[in-house]
Amino acid sequence: TDLFESEIYVFTPKGDVREFPEGATPIDFAYSVHTDVGTHCTGARVNGKMVPIKYILQNGDTIEIITSKTQMPSKDWLKFCVTNKAKTKIRAFVKEEQRRRSLALGKELIEKEFRKFGAASSRYLKGETFEKFLRDFGLHEEDEVFVRVGYGRLEPRIVLEKLASQLIRTEPKEEAQAE
């Protein structure tokens, strides 16, 4: 912590005092209350008036956080929050969300590649050959394969070639080519 950093003091609705670095926003306040409050923060009421989450808190403000179960953190929040706790929690959420999307995309791409040759990927994503594939690529579980494919670090065609090389020798199915 910078010794010369200016601090501001704000109040919770119950009158408790919270200390923040100058430039703090309702996002910083929300994450200081609880991670879930920060994650679902949609806005704030400062001194009884609605303000956006970008609002810069002032000394003596009384802050009440407005939440919504459907609200999720955005990478853009990193631009205007100042506390390490808020930044760390937002980065972790964004990273996990990207991983979830990559997992779903990777699964879809692998299944599509296997369908081109009339096979079900689930049949090949188990057993000794699959275990060897995981070891060869330094992976530990099936989901890691999907995530790598989803991030574009592993091509679905390579998964097909390594796990079902006999399928490659056949022609892709006609209906799959029409996709």
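The values are calculated or read from the model by the stated rules, or taken from the named source; none is laboratory data. In this text the structure is predicted, and so the values were computed from the model without any measurement. When we count neighbours, we look across all protein chains shown, and the Cβ atoms used for this are built from the backbone with ideal geometry, even at glycine. Just so you know, the surface numbers come from the protein's heavy atoms only, side chains and all, with ligands and any DNA or RNA stripped out. Shrake-Rupley method; radii C 1.70, N 1.55, O 1.52, S 1.80 Å.
For this structure, a couple of remarks:
- Residues that are surrounded by 14 or more Cβ atoms within 10 Å (Cβ to Cβ) and over 10 Å from L163 (Cα atoms), drawn from segment 116-125: K116, F117, G118, A119
- Filter pass, A176 being modelled with pLDDT under 85, surrounded by 11 or more Cβ atoms within 10 Å (Cβ to Cβ) and in a helix (DSSP H, G or I): yes
- Filtered residue count, segment 138-160, keeping only those that are open to solvent by 40 Å² or more (accessible area, probe 1.4 Å) and on the phi < 0 side of the Ramachandran plot: 11
- Index of the failed condition, G15 passing every other in (1) farther than 17 Å from F80 by Cα; (2) open to solvent by less than 60 Å² (accessible area, probe 1.4 Å); (3) part of a strand (DSSP E or B): (3)
- Looking at segment 18-86, the strands (runs of 3 or more DSSP E) lying wholly inside it that each contain 2 or more residues that are buried (at least 17 other Cβ atoms within 10 Å of the Cβ) sit at 41-46, 63-67.
- Residue match in segment 106-115 (condition: open to solvent by 90 Å² or more (accessible area, probe 1.4 Å) and outside any helix (DSSP H, G or I)): no
- Every pair of residues 6+ apart whose Cβ atoms lie under 7 Å, when the first sits in segment 126-137 and is open to solvent by less than 90 Å² (accessible area, probe 1.4 Å) while the second is outside any helix (DSSP H, G or I): L134/H140
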